[in-house]
1. What shape does region 356-398 take by its C-alpha gyration tensor, where a ≥ b ≥ c are the square roots of the eigenvalues and a/c under 1.5 counts as rounded, a/b above b/c as prolate, and the rest as oblate?
2. From largest accessible area down, sort Lys487, Lys2; use a 1.4 Å probe on the protein chains.
3. Quick check: with the 1.4 Å probe, what order do Met258, Met13 take by accessible area, largest first?
4. Can you send over the solvent-accessible area of Glu364, 1.4 Å probe, protein chains only, in Å² to the nearest 10?
5. On the full set of protein chains, 1.4 Å probe, figure out the accessible area of Leu179 and give it in Å² to the nearest 10.
6. Greater than 30 Å separation of Cα atoms is the criterion. Which listed pairs, Lys338/Lys504; Lys283/Lys504; Lys361/Lys437; Lys362/Lys433, meet it?
7. Roughly how many nanometres apart are two label points built 7 Å out from the Cα toward the Cβ at Asp217 and Phe390?
8. Thr225 to Leu18: FRET efficiency via 1/(1 + (r/R0)^6), r the Cβ-Cβ distance, R0 45 Å, to the nearest 0.05?
Amino acid sequence: MKKSTIWIIAIVMGLSFLALLWQQVSYIEQMAKMKREQFDESVNRSLYQASRNLEMNETLRYLEKDVKETERRAFKQDSLMIDGLDGTVKQSHQFAVAADDGTVYSSFELKTFAIRPSNVPKAMILRSDKSSISEASKSLQEIVRNRYVYQKALLDEVVYNILYTASDKPLKERINFKLLDQDLRAELLNNGINLPYHFTVSTADGREVYRCPDYSDEGSEAVYTQTLFRNDPSPKMGVVKIHFPDMGSYIFSGVRFMIPSLIFTLVLLVTFIFTIVIIFRQKRYTEIKNDFINNMTHELKTPISSISLAAQMLSDESVGKSPQMLKHLGGVINDESKRLRFLVEKVLQMSMFDRKTAAFKKKELDLNELLENVASTFSLRVEHTGGQIFTEIEAVDSAIYVDEVHFQNAITNLMDNAVKYRKPDEPLDLYIKTWNKDDRLCFSIRDTGLGIKKENVKKIFDKFYRVHTGNVHDVKGFGLGLAYVKKVINLHEGDIKCESELGKGTTFTVSLPILKETT
C-alpha cells in the first residue's frame, strides 16, 4: 500500500474519532449543565417554600396566642323569661367576645329552650336543665373558635398589627433554627435532593446570627440565598444561605453513565493511533530490509565472485599452475573467505544481541591506553588522506570494566565510519579526547568528514539504517555498525550521543561508569 493511501485513511479515521469524541464530550457538558439547572431550580424552590413555612409558622403562632387571649376575655350571659299565660319558661344563652376597650367582636345567641314545668316531672326538669346548659356551652365554644379564626384571616387591621409587632423582634427570637433545618431538609427531599448541606442565617446587612454546627467552607463556591420575612421593612429582613459540599458528585452522577463510552472511544482512538504508528514502522522496516538485502547482495557478490573466479582458474587445465600462481589464488580464496565470514558474523552478532544471549568476558582496562592503541592502527589510513589523528588525554580515573573484544570493536567502528564518510579528495582529521565528569569517564571521537543531516542523526543508531540507501554503494556496509556500537555501550551501562553538522563533521561522545578501587 502506498504511503499516501495510508495517510489518507489515517486522517479520515482520525478525524472521525475526534468528531465522535467531541460529540460525546459536548453531550456530557450539556447533560451536566441541564442537571445543574435542575438542581438550582429545585434548591431555589425548596428555599422559597421553607421561607414561606417560616412566615406561616410565625403567623400561626401569633394567631394561636391571640385566640387564647380572646377566649380568656370571652363572657356569656343567660336570660330567663316566663310566659304568664301558659306558664312556659323560656331560657336563652348568649356568648360574646370583647376587646380591652369594650369593643365586641362577636356575639352569638343560642336557640331558646322552652319548657313547661307543670308538665315535666321535677327530676326531669333538673336533669334537662343541666344537660342543655352543658351542650350549649360546648357548642358555643366551638362556634366561637371557628368563627374567630375565620374572622382573623379576613381582618387586615389585625394582620398588620401582628406583622409589625413581629418585625420589632431580632431574628434570633423570630426563627426556630431547628425547625428551619427540618423544613429545609423536608423541602429538599420533596424536590428530589438528598444531599448533605450547610446553611447560615444572617441579617440584611450581612451580620451572621446562626451557623449550622457541622458547617465547612468546602463546596461554598456555589451558594444559594433566600430572603426571609420579605414583607417586612428592609432592615428587618433575614437571609438564609445554603451550599452543598457534595454537589459535584451529584452532578457527576447524572452523567456517569456516559463515562464508559467516552473511555471506550479514547481506547479505540489510542489503539488506532498505535496501529497507524505500527504500520508506518513496519513499512519503514520493510524499506530498510529491502535496502539491507540490496546492500548485502552487493557486499556478498564481490567475495563470492572472487572465490568463484579463483576456483575456475584452479580447475582450468589450460592455465599454468606455477607455485606463485597457486599461492596467489590460495591467498585470494583465503582473504575472500575471511571477508565472507566477517560479514556473516556481523549479521549473526546483531541477531545474538536481539536474543540477549551475548556473554561478555569483562576485565579491567585503561581507556586512555585502549584509545591510543586503536588510534595507532588507524594512523596510516588517516595519514593516507593527508590528515592526522590528535589525542587529548585528560582523564585521570581511566579504569573501566569492559569486554575487551566487543568494546574495542565498538571504538574501531566509530573510527572506521569517520574514515569511510570523509570528504572526497580532502584530508581527514580525527580528534580523540578523554576526561572525567563527576563519577563518569567520558571520551569523544570527532572528525572533519561529510557530517550528517539533523533529521538523520536520530536514526543512525537504528539497525539496518544507512544514510545512503538503495543501490548506492559508494560506501560498503549493512547499516549495522552504529547499532552494534550503541548496543555494546548500553550493555556496559554507558551512554552514547551524536552531534553532527552537514559539511563540517561529526562528534560521538561516550559516557561510562568509572571502575572505583575497593579497599
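The values are calculated or read from the model by the stated rules, or taken from the named source; none is laboratory data. Keep in mind that this is a model prediction, so the values were computed, not measured. Cβ: placed from backbone, ideal geometry, glycine included. Neighbour counts: every protein chain shown. We work out accessible area using only protein heavy atoms, side chains counted, and drop any ligands, DNA or RNA first. Shrake-Rupley method; radii C 1.70, N 1.55, O 1.52, S 1.80 Å.
1. Oblate is the answer for region 356-398, as a/c is 1.5 or above yet b/c matches or exceeds a/b.
2. Details: Lys487 65, Lys2 145 Å².
From most exposed to least exposed: Lys2, Lys487.
3. Met13, Met258
4. The accessible area of Glu364 comes to roughly 120 Å².
5. Accessible area, nearest 10 Å²: 60 Å².
6. Pairs exceeding 30 Å: Lys338/Lys504; Lys283/Lys504.
7. 6.7
8. Computed FRET efficiency for Thr225 and Leu18 comes out at 0.60.
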